[in-house]
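For reference, the structure is listed below as C-alpha cells.
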Amino acid sequence: MAPPSPPPGTVLFMHLALLFLLAAAAAASAAALEEEFTEELLLRPLPDRKALAHFYFRSSAPPAASVGRHHHLFSKAISQLVKKYHISELELSFTQGRWNYEQWGGFDPMSTSNAKPPGVELWAVFDLPLSEIDATWKNLTHTLSGLFCASINFLESSTSFSAPRWGFKSNEGNLRYGALPREAVCTENLTPWLKLLPCRDKAGIASLLYRPSIYKGYYHSQKLKLRSSQSLGIILDQTLTVVLQPNTFNGKQLHSSHGQLQPSWSMRHLFNRKLSGKCLVSKSSRIFIEVDKGIVDKINKSGSDLSWNNEFFVLSNGPDRLTKDLNNLEVQSSSIYEYDVSNYSEEKPFDVGITWKLPLIWSCTPSPFHVSRFLMGSGNERGSIALSFTSTNLHKKIFGSPNDCSIKAIIFQIVPWYVKVYYHSLEIFIDGNRKAVSDVVDKIHVTPSEDKLLPGTLEMLLRFPCSMRSATLTLDFHKGFLHIDEYPPDANQGFDIPSALISFPEFNSARNFPETDPLLGSPLLENFQEDTVVKSYTEVLLVPLTTPDFSMPYNVITFTCTVLALYFGSLLNALRRRIGEEERELKKTATRHGLIPLLLAKLRGQKVDLMESGSSSESTGSKKLLFKALFCHPRFLKAAVVP
C-alpha cells in the first residue's frame, strides 16, 4: 500500500524553505568573496623632534571568476593591468628625500618595508615564459607611465633595468628591476595614486592629505604594491610615508640638563585639518599612535604606568584599545594606541595629538651596520666606488656578546653601462687591515655591462666577524664616452648611479602582537607581523662624465648662416640691380625733394611762390656770385682798410 501523499501546502512550504536556504548560501558565498577596502594611519614621534605619518590603504578583489569584469570598490585599471601583463607581484615607489637610518630607525618594519631610495623604483614578478618577460616589461613601463604621469617609460630600455638572481629577491628568473634616481615627485604623481581609492581624498583618512603639508616634509614616499594569485585574487596595498617637522602649538620650549622638550603636535597641526569620519565604503578605519621602544624603556625604568596619560606625555583623547609589542624575550618593546574613526562624524570631528610633560631623549633601534657609499678619485677618466660598513653592536643585544660569530650581508648594486666597473679590482678592508676576498665573500654573481645594451649588476654575499668595528669595500671603474644624442639636458650636473640595497638575511624585523584580536583584521598590524629581512638603501652617487661643449654647434650654425646670408644677399643684389632704373629713380627723388617744404608751408597757411621755389637753386648761386664780386672789388677793400 502506497504511503499517503503530503498535503499541497506542506510541499510548497518545503520548496520555499529549500529556495531560502539556497539563497542564503549564495549570499554567504558572495559576502565571503566581496571586495573590501580598509584605511589606517600610524603616527609616531621621532627622536630628532620630528613626526612620522604612515598612511596605509588596502583594496582586495576576489578571483576574477567570481566577480567577472565588474568592480565596485577595486580599481578597474589595476585589475586590467594584472590580467593583461600576468603580474604576480609588483611594487612601484615615488620617493623624495632619503630615510635617516640613524635617527629614524633601521630595524623596524617601517624602515624595512617603507624606506625607499630617492626617485622611482619599480620591480615586478611575471607569470610568463622567460622569453616573453622583457617585451612585457617594456609595455608595462609605458602603461604605468601614463597611469601615474611619470617618466617610468625610460625604464623600457635594456640599459635601464636588470634581472637579479638572488641579491634583491629570490626568484626563478622572472623578476625585473629598474630605478630612476633623478625622477622628481610632485602632486601630478599623487593625484592618480589617490584616484585608485574608492573615496579618493574626499572622505576618510585620505582627506588629511593636504598637499602643502605633505610636500614640505623631510621625507615623502608613496608606494603601490600588489599581489595576485588564483586563490586569493588581487590585493593592492597603497602606502604614503611622510616625515614632518611639527610646529608646537603651546608656544613653550622647555630646556633642562636632561634634554629639550619634544614638540607637542596633533593631527590638525600636522595636516592643517581634522578628520570628519571614515570613508563610507571602508570595512574598517583606524588611527594608531605608536610609542617607540626607547620611550617604553624610559617609562618602565621610572616606574610609571604606560597609559595614555603618564609621567612623560599625555594623549589628547583616550584610546579605544592598547596593543603591546613583545620581542623574542617576551619583553615589551613598543606600544600602539588605537582609535576607531567610525565613532566620529562631521558633527563630531576627530583630532588626536600628543603633549609632552618632561624632556625625553631616546634612540630608535638601528640596523646591524650603518652603510654609506661614496666616490674616490679625481678626473674624468677613472675613479672608485667605496662602500663603508660601521657596526652598531646590535648583535650584542640579540645574540649576547660572543666574538666568534659572523654576520651576513647581501649587496645588490646596478651600475649604468657607461660606468665600466672592474670587478676583479675588489678590495676589502676590515678595521683598517686588508683581507683576502675569499675570506669575506661567500657568494658572488656578476653580470658585466655591455655598451649601450645592458647595465652591470653585482650580487654579493659577505660574512663579517661580529667583532668587526668597520669595513670598507672598493671597486675601480672607468668612465665611458656617450654619443651626443645620449646626453640628458642637464649633462653638466652629472650622471646618477642608483642606490645599492644592503640586506641582512639573519635579522628579521617582524613584530609580535599576541594580544591582537584576529577578528579585527588590521592590515597594517598584519603587515608588521610578516617576516621581513632587515634592509638598508645607500645614497645615490653623482658621477661627472666628460661632456662636450653643447654651445659649439649653436655657434657654428649661427656663424655659418650669417656668412651665407651676407654672400647670397650680395650676390642676388648684384644680379638683380638695373643701373638705368636707379638713375631715373634718383632724378624723380630729386624733383620731388621740394614737395615736403611746400606741403609744410601750405599747412601753416603761408603763401608760396612756385617759381621761387623752383628756382631756389639758381637764386642761391647768383647771390654767391654777387657777394664774391662785392668783396673782391678794390674800392671795397680800400674802404675797409682806411676809415
**OP:** At 7 Å along the Cα-to-beta-carbon direction for both Asn153 and Ala64, put a label point, then send me their distance in nm to one decimal.
**Re:** 2.5
Original post:
How far is the Cα center of the range 130-163 from the Cα center of the range 464-516, in Å?
Top reply: 22
**OP:** Quick one: which residues, 5+ away or cross-chain, put their amide H under 5 Å from the amide H of Cys405? H built at 1.01 Å from N.
**Re:** Cys466
Subject >> Förster radius 35 Å - calculated FRET efficiency between Asp297 and Gln245 (Cβ-Cβ, nearest 0.05) >> reply: 0.85
Original post:
What list of ³J(HN,Hα) couplings, whole Hz, do you get for the range 538-545 from phi and the Karplus terms 6.51, -1.76, 1.60, once you set θ to phi - 60° and write x for glycine and proline?
Top reply: 8, 6, 7, 8, 10, 9, x, 10
Original post:
Can you run phi through the Karplus equation (6.51, -1.76, 1.60; θ = phi - 60°) for the range 221-227 and list ³J(HN,Hα) in whole Hz, with x for Gly and Pro?
Top reply: 9, 10, 10, 10, 10, 9, 10
Original post:
What residues qualify as long-range amide H neighbours of Ser333, i.e. H under 5 Å apart, gap of 5 or more or another chain, H built at 1.01 Å from N?
Top reply: Asp325, Leu326, Asn327
Original post:
Which ³J(HN,Hα) values in Hz, rounded to whole numbers, follow from the phi angles of the range 306-316 under the Karplus curve 6.51 cos²θ - 1.76 cosθ + 1.60, where θ = phi - 60° and Gly and Pro get x?
Top reply: 7, 10, 6, 9, 10, 5, 9, 8, 9, 8, 5
Original post:
Of Tyr218, Tyr339, which has the most accessible area with a 1.4 Å probe, and how do the rest follow in descending order?
Top reply: Tyr218, Tyr339
**OP:** Once you've got the Cα coordinates, tell me which of Lys216/Lys357; Lys216/Lys420; Lys138/Lys479; Lys116/Lys278 are over 32 Å apart.
**Re:** Lys216/Lys420
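Given a Förster distance of 25 angstrom, what is the FRET efficiency for Thr547 paired with Val446, based on the Cβ-Cβ distance and rounded to 0.05?
For Thr547 and Val446, the calculated efficiency is 0.30.
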**OP:** Enumerate the lysines that Lys396 could reach by cross-link, defined here as Cα to Cα under 22 Å, with residues fewer than 8 away along the same chain left out.
**Re:** Lys293, Lys298, Lys301, Lys408, Lys535
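With a 1.4 Å probe and all protein chains kept in place, how do Cys149, Cys279 rank by accessible area, largest first?
Cys149, Cys279
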Subject >> Accessible-area ranking of Leu542, Leu244, largest first, probe 1.4 Å >> reply: Leu542, Leu244
Original post:
What trypsin sites (Lys or Arg not before Pro) does the range 393-465 have in DSSP loop regions with at most 14 other beta carbons within 10 Å?
Top reply: Lys452
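The values are calculated or read from the model by the stated rules, or taken from the named source; none is laboratory data. As the structure is a computational prediction, the values presented were derived from the model and not from experiment. As a convention, Cβ positions derive from the backbone with ideal geometry for all residues, glycine included, and neighbour counts pool all protein chains shown. Keep in mind that these areas ignore ligands, DNA and RNA; they rest on the heavy atoms of the full protein, side chains included. Shrake-Rupley method; radii C 1.70, N 1.55, O 1.52, S 1.80 Å.
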